[in-house]
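Notes follow once the structure below has been shown.
Throughout, read-outs are computed from the coordinates displayed, never taken from laboratory work. All values derive from a computational prediction rather than experimental measurement. Methodologically, a virtual Cβ is constructed for each residue, glycine included, from the backbone with ideal geometry; neighbour enumeration extends over all protein chains shown.
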Amino acid sequence: MAEPQLDVKKPSELVLKVRIQSHKENDFIEVELDRQELSYQNLLQVSCYELGINPEQVKKIRKLPNTLLRKDKDILRLQDFQEVELILMKNGSSELTEYTPSLLEKPCYNSNATKMTY
């Protein structure tokens, strides 16, 4: 008699811990990316939206502790809950003002993440 096959599916979303590089703040937020749409551009867009910054401010994306993410293939290799840091461009001689809105000030990018399940 054949053993029953377990249908093990990956979750439809990749959850990453993301923050802006800062000497003052070390807090991460969790962002959800659709596994069907994993790309460098999608990671950049979703992360910037959640952190309240303009994608044009981002100079580099780094997988901590020390790996630059440069292309879609790099994003496809990411695992759930890996830590990613956005490195912002400098504006003249000073760094851009970093402002992260509180959770009460703006809605979550992923509408499914805001719904409670029972």
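Side notes on the structure shown:
- Take each peptide in 45-56, 16-27, count the other Cβ atoms within 10 Å of every residue, and average; sorted highest first, the result is 45-56, 16-27.
- Nonlocal amide H pairs with Val84, under 5 Å, H built at 1.01 Å: Lys17, Val18, Arg19, Leu64
- Cross-link pairs beyond the 20 Å C-alpha cut-off, checked among Lys24/Lys73; Lys17/Lys63; Lys17/Lys59: Lys24/Lys73
- Cα-based shape type of segment 10-83, given that a ≥ b ≥ c are square roots of the gyration tensor eigenvalues and the cut on a/c is 1.5: rounded
- Net charge of the neighbourhood of Glu85, taken over other residues with C-beta under 12 Å away and scored Lys/Arg +1, Asp/Glu -1, is +3.
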